[in-house]
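Novice: Here it is, the structure in full.
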Amino acid sequence: MNNSSRLAAALPIRLVALDIDGTLIGEDLLLRDRTVAAIRAARHRGVSVSLVTGRMSTSAIVFARKLGLTEPIVAYQGALIRELRPDGDERLGRVLRHRPLAADAAREVATWARDVGLEPHVNHLERFVIRADDPRAEDYSSFLGSRAEIVPDLIAWLRHPVSKLMAVAVEPLDDAGLADVRRRFAGRAEVTISHPRFLEFLAPGVSKAVGVRHLARRAHVPMANVLAIGDNFNDLEMLAAVGHGAAMPSAPRPVRAAARYVAPPLEEEGAAQLIERLVLAGPANAARHAADPAPEPDALFPVAEGLATAATDTEGATAA
């Protein structure tokens, strides 16, 4: 992405939109202390914080509770936005937005996926549906934290619109083929990669960027004052749409190119470090950290010692 075409960034940051997998958590699915502390501190300062994820909302709620969040959750790459009820209220929040994939498009995608050796999975609202003989049902159920609904024939089951359809690979996907798949389903489905093995299909017009715009309008925050952090192709539109888009260093090059900043690695709680420098630092330091970025960093910005240090830290965030 050409730096000159990016949305101008404005301070202070008033809304933070966070991807979960690969951004806040790794394969162990654990939130680290520094990440929790930074996000809670941002909320304490009046900053809106939301999770914007490919997961179903009930899966994301577990992390939202640990982070002390209260804002709506953007699930399924933006296909579903659900209110988050107060802590202690176990009922599902109200659906604010839902744009499902048409049934005929979902059947076409599922048939194609099986033909090319991928395993189709379906998410609809809070349901996760797979065929009876799916060999990886247990693995994916563990990842989501919920049990799958088993049907004898998934394609026959697809008679109504669904929130999203995912084609799962055994080995990591070659993202070079993403453009071909997008052309094949152009006008019928949005296609993205959310995980090295997950190819996702959504209704036309669905993206995390659309979800973040909904959050920004709801909070009366200009997109220029939004920080969004993500790590894969499903985050690209979101990072490009906000004033402060940040990619994890593991993100594919096109995603890093769409972002304004490159964060430190997940292992160093890079999302927390960005929040410390851009949200929790004093106005002068935040402005310096958000200064016009260099084209591509040789090194990521140094690790801060903690929240107290971050407020007076003199090392800036390296930008993409």
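Novice: Go through segment 10-48 and report how many residues are touching a strand residue (DSSP E or B) at 6+ places or on another chain (Cβ under 6 Å) and part of a strand (DSSP E or B).
Specialist: The total comes to 5.
Novice: Just the residues that are open to solvent by less than 10 Å² (accessible area, probe 1.4 Å) and touching a residue at least 40 places away in the same chain (Cβ under 8 Å), please, taken from segment 78-104.
Specialist: First, pick out the residues of segment 78-104 that are open to solvent by less than 10 Å² (accessible area, probe 1.4 Å): 78-81, 93, 101.
G78, A79, L80, I81, L101, listed by residue number.
Novice: Can you confirm whether R34 is of a type in the set (K, R), modelled with pLDDT of 95 or more and open to solvent by less than 30 Å² (accessible area, probe 1.4 Å)? Walk me through it before giving the result.
Specialist: Working: of a type in the set (K, R): yes; modelled with pLDDT of 95 or more: yes; open to solvent by less than 30 Å² (accessible area, probe 1.4 Å): no.
Answer is no for this residue.
Novice: While we're here: Would you please name the residue that is surrounded by the most Cβ atoms within 10 Å (Cβ to Cβ), looking only at residues in segment 174-211 that are in contact with an Asp or Glu (Cβ under 9 Å, 6 or more places away or on another chain) and in a helix (DSSP H, G or I)?
Specialist: In the first step, residues of segment 174-211 are kept if they are in contact with an Asp or Glu (Cβ under 9 Å, 6 or more places away or on another chain); the result is 182, 185, 188-197, 200-210.
Now narrow it down to the ones that are in a helix (DSSP H, G or I): 182, 208-210.
Values: R182: 13, K208: 28, A209: 23, V210: 19.
Per the criteria, the residue is K208.
Novice: Let me ask another. Might you check whether a residue that is part of a loop (DSSP other than H, G, I, E, B), modelled with pLDDT under 75, over 24 Å from A241 (Cα atoms) and among the charged types (D, E, K, R) occurs anywhere in segment 290-300? Spell out the reasoning first.
Specialist: Narrowing segment 290-300 to residues part of a loop (DSSP other than H, G, I, E, B): 290-300.
Of the ones still in play, those that are also modelled with pLDDT under 75 are 292-300.
Filter once more, so that each one left must be over 24 Å from A241 (Cα atoms): 298-299.
So of that shortlist, the ones also among the charged types (D, E, K, R) come out as 298.
Looking through segment 290-300, at least one residue is part of a loop (DSSP other than H, G, I, E, B), modelled with pLDDT under 75, over 24 Å from A241 (Cα atoms) and among the charged types (D, E, K, R).
Novice: Of all residues in segment 124-139, which are within 18 Å of R55 (Cα to Cα), buried (at least 20 other Cβ atoms within 10 Å of the Cβ) and at pLDDT below 95?
Specialist: Filtering segment 124-139 for residues within 18 Å of R55 (Cα to Cα) gives 124-130, 136-139.
Filter again for buried (at least 20 other Cβ atoms within 10 Å of the Cβ), leaving 124, 128, 130.
Within segment 124-139, F128, I130 meet the criteria.
Novice: So if I check each of L69, L51, L7, which one is in a loop (DSSP other than H, G, I, E, B) and at pLDDT 95 or above? Show your work before the answer.
Specialist: Values: L51 fails: in a loop (DSSP other than H, G, I, E, B); L7 fails: at pLDDT 95 or above.
Sole residue among the options that is in a loop (DSSP other than H, G, I, E, B) and at pLDDT 95 or above: L69.
Yes/no per residue for (1) in contact (Cβ under 8 Å) with a residue 24 or more places away in the chain; (2) open to solvent by 10 Å² or more (accessible area, probe 1.4 Å); (3) not in a helix (DSSP H, G or I):
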site	(1), (2), (3)
R218	yes, yes, no
L227	yes, no, yes
P264	yes, no, yes
E276	yes, no, no
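Novice: When you look at D153, is it open to solvent by 40 Å² or more (accessible area, probe 1.4 Å), within 30 Å of V49 (Cβ to Cβ) and in contact (Cβ under 8 Å) with a residue 12 or more places away in the chain, yes or no? Step through it out loud before you land on a result.
Specialist: Numbers: open to solvent by 40 Å² or more (accessible area, probe 1.4 Å): yes; within 30 Å of V49 (Cβ to Cβ): no; in contact (Cβ under 8 Å) with a residue 12 or more places away in the chain: yes.
It is false that D153 is open to solvent by 40 Å² or more (accessible area, probe 1.4 Å), within 30 Å of V49 (Cβ to Cβ) and in contact (Cβ under 8 Å) with a residue 12 or more places away in the chain.
Novice: Being within 17 Å of A291 (Cα to Cα), out of contact with any helix residue (DSSP H, G or I) (no Cβ under 7 Å at 6 or more places or on another chain) and of a type in the set (G, A, S) is true for just one of A228, A224, A246. Which residue is that?
Specialist: Working: A228 fails: out of contact with any helix residue (DSSP H, G or I) (no Cβ under 7 Å at 6 or more places or on another chain); A246 fails: out of contact with any helix residue (DSSP H, G or I) (no Cβ under 7 Å at 6 or more places or on another chain).
Criteria check complete, one pass: A224.
Novice: Only one of T23, T70 is under 22 Å from V210 (Cβ atoms) and open to solvent by 50 Å² or more (accessible area, probe 1.4 Å); which?
Specialist: On the way: T23 fails: open to solvent by 50 Å² or more (accessible area, probe 1.4 Å).
On inspection, the qualifying residue turns out to be T70.
Novice: Right, here's the next one. Could you tell me whether segment 92-107 includes any residue that is more than 29 Å from P152 (Cα to Cα) and over 22 Å from the mean Cα position of the chain (by Cα)? Explain how you work it out, then say what you get.
Specialist: The initial filter retains those residues of segment 92-107 that are more than 29 Å from P152 (Cα to Cα), namely 93-97.
Adding the requirement that they be over 22 Å from the mean Cα position of the chain (by Cα) leaves none.
For segment 92-107, residues more than 29 Å from P152 (Cα to Cα) and over 22 Å from the mean Cα position of the chain (by Cα): absent.
Novice: Let me ask you something else. Within segment 37-67, how many residues are without any contact (Cβ under 8 Å) to a residue 40 or more places away in the chain and open to solvent by 20 Å² or more (accessible area, probe 1.4 Å)?
Specialist: Looking only at that region, the number is 7.
Novice: Still on this model: Could you check, for segment 245-254, whether at least one of its residues is open to solvent by 10 Å² or more (accessible area, probe 1.4 Å) and in a helix (DSSP H, G or I)? Steps first, answer last, please.
Specialist: Taking segment 245-254 and keeping what is open to solvent by 10 Å² or more (accessible area, probe 1.4 Å), we get 249-250, 252-254.
Remaining after also requiring in a helix (DSSP H, G or I): 253-254.
Yes, that holds for at least one residue.
The values are calculated or read from the model by the stated rules, or taken from the named source; none is laboratory data. Bear in mind that the values here come from a model prediction, so they are computed numbers and not experimental data. Glycine gets a Cβ as well: all are built from the backbone with ideal geometry, and neighbour counts include every protein chain shown. Note: accessible area is taken over every heavy atom of the protein model, side chains too, but ligands, DNA and RNA are not part of it. Shrake-Rupley method; radii C 1.70, N 1.55, O 1.52, S 1.80 Å.
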